[in-house]
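What follows is a short report on a single structure.
The values are calculated or read from the model by the stated rules, or taken from the named source; none is laboratory data. Not measured: the values here are computed from a predicted model. Here the Cβ is made from the backbone with ideal geometry for all residues, glycine too, and neighbour counts use every protein chain on show. Each accessible area value is taken on the protein alone, full model and side chains, heavy atoms only, with ligands, DNA and RNA left out. Shrake-Rupley method; radii C 1.70, N 1.55, O 1.52, S 1.80 Å.
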Amino acid sequence: MSPGSRFGSRFASLGRLKSALGAGVFRPGRLWEERPLRRHYDVVIIGGGIHGLATAYYLAKDHGVRDIAVLESEYIGFGGSGRNTAIVRANQRTQENVPLYDEGLKLWPILTDELDFNLMFHNCGNLNLAHSEAAVAAFRHSVNTASFCGVRSELVDPQQCKELVPALDVSDRPAHPIQAGMYHPPGGVVRHDAVVWGLARGASLHGASIHQGVEVQGIDTESGRVTGVRTSAGPIGCRKLGIMAGGYGPAIAAMLDIELPVNPLTIQAMVTQPLKPFLHHVVSSGAYHVYANQTLKGEIATGAHMDPQVNYTTDVTAGYFKHQAEALTDFMPCLKGVRFLRVWAGLADMTPDMAPILDGNFAHDGLYLDVGWGYFGFKSGPVAGKYMAEFMAREEAPEILRPFALRRFLENRYMGETATTMKYGQWD
């Protein structure tokens, strides 16, 4: 039997099995149903990443809004949803952010059951390293905020850091000696591709349509209301429009002459060759501008800091190989000589206060925004989608989203996710 015949027979068997189970038509290579693109929907969502797919899923499942089109110019998960290091946590700095991220962290096992899809959530805990008195003071602030909000997070000394991660060098030898750590037991990692595929499957099963390779080229309005979008596949009318396109969100908002305080910045990540298990927690360091975790395959997945220039490139640079190697081996010397296998880059959509913009009906009726997550977008996807779906269905902002309205920048109500205004891009 030829390879083609063998695989064809396998897919045919799976198709019969799916039909027997009442699961509908099975299409090899697709977890969601492919539907024809229509000329009008109640809701159009721009962006086939975790935020757009989660919003579609919750709109359909919780609010009965099933006439939804998710438009993605490339393929689902092409943007930040598929270009991150899959770290999830809730040890944010402010009272407004912590409850949102905490609920998001608790959603992963719930979603795994709801979607009947293994999202590979691994609750391994996060250890952030402090290398100065100022960093230790900032950790105290974050730990106190977490405690006030009922989130587990604790300040640990260097020896306790060593007990958590034996590979750490807690001596005075490193360029930035470890002075303390912030340990966040609820944190961990999730498989980013699984999240995208699971949400796409869930949204489709509840009636939402997913259209890949459809680029939005313009947005139509009439009498102060959004009426539709112009796309590479023709015009599509809608009653409500969600812009949930990550780093590309500001460019889409600009089609409506809306200038968002968001800077897209390139951020790079890479993985090493597989190693025997030794890193059992996520480790990060602001001083070294590095974070790392060990995957199930044994690779060390590590991310760097953002490029300082505003841009839309996802090109990688040799300088970050050098930076990651020097940083990781300085405080984890056992990694010396380990080879990197591959590198990739994505976009971080940074706001001046390092907090997202979640808003609706502010410039045009029927327009909703979910942008500006910086490098926190992956971990917040499902919970943001849950509440943006409620916002779009009821046309009233849920209480938990109100602090994230765009007007906070006009009212000088910057959130304190950083001690000062962001220092990246035009904010320098």
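Distance from the Cα centroid of the range 294-322 to that of the range 51-97 is 22 Å (rounded to whole angstrom). Could you tell me whether the range 165-265 comes out rounded, prolate or oblate from its Cα gyration tensor? Rule is a ≥ b ≥ c as square roots of the eigenvalues, rounded for a/c under 1.5, then prolate if a/b exceeds b/c, otherwise oblate. Note, shape of the range 165-265 comes out prolate. Heavy-atom surface analysis with a 1.4 Å probe gives the chain a carbon and sulfur content of 52 percent of its accessible area.
Put simply, the Cα atoms of the range 73-157 extend 45, 26, 24 Å along their principal axes, the longest span coming first. Modelled spin-label separation between F362 and R394, with each label point placed 7 Å from Cα along the Cα-to-Cβ direction: 2.0 nm.
For a test of the definition: using alpha carbon positions, the gyration tensor, and the 1.5 limit on a/c, classify the range 124-186 as rounded, prolate or oblate. Oblate shape, in that a/c is at least 1.5 and b/c is the bigger or equal ratio.
Placing a label point 7 Å from the Cα of K106 along the Cα-to-Cβ direction, the residues of the range 172-199 whose backbone N falls under 17 Å from that point are 185-188.
The residues K297, K240, sorted by heavy-atom accessible surface at 1.4 Å with ligands and nucleic acids left out, run K297, K240 from largest to smallest.
With θ taken as phi - 60° and the Karplus curve 6.51 cos²θ - 1.76 cosθ + 1.60 applied, the whole-hertz 3J(HN,Hα) list for the range 53-69 is 5, 5, 4, 4, 4, 6, 4, 6, 6, 8, 10, x, 8, 10, 7, 10, 10 Hz, x standing for glycine and proline. Put simply, the amide H of I45, placed in the peptide plane, has neighbours under 5 Å in A69, V70, L71, G242, leaving out anything fewer than 5 places away on its chain.
With all protein chains kept in place, the per residue accessible area of the chain amounts to 43 square angstrom at a probe of 1.4 angstrom. How much of the pair distance distribution for the chain lies past 34 Å, counting alpha-carbon pairs only, in percent? For the chain, the fraction of Cα-Cα distances above 34 Å is 32 percent.
Amide H contacts for H40 (H built 1.01 Å from N in the peptide plane; partners 5 or more residues away or on another chain; cut-off under 5 Å): G237.
Taking every Cα-Cα distance in the range 265-326 and sorting them into 10 Å bins starting at zero, the pair-distance distribution P(r) comes out as 21, 49, 25, 4 percent. Note on the chain: Lys pairs 8 or more places apart or on different chains, Cα atoms under 19 Å apart, count 11.
How do R30, R89, R408, R230 stack up against each other in accessible area, from largest to smallest, with a 1.4 angstrom probe?
Listed by decreasing accessible area, they come as R230, R30, R89, R408.
If you model the range 201-353 as an ellipsoid using its alpha carbon gyration tensor, with each semi-axis the square root of five times an eigenvalue, the axes come out at 40, 19, 13 Å, biggest first.
Highest mean first, what order results for 283-290, 272-279 on Cβ atoms within 10 Å?
Sorting 283-290, 272-279 by mean packing, highest first, produces 283-290, 272-279.
Counted over the chain, the DSSP beta bridges are approximately 70% antiparallel.
Annotation for the range 337-384: trypsin sites (Lys or Arg not before Pro) lying in DSSP loop with at most 15 further Cβ atoms inside 10 Å of their Cβ are R339. Each label point was placed 7 Å from the Cα along the Cα-to-Cβ direction; for E34 and D257 their separation is 4.1 nm.
Prolate is the label for the range 280-428. Its Cα gyration tensor axes, ordered a ≥ b ≥ c, give a/c of at least 1.5 and a/b above b/c. Measuring between their Cα centroids, the range 179-242 and the range 351-409 lie 13 Å from each other.
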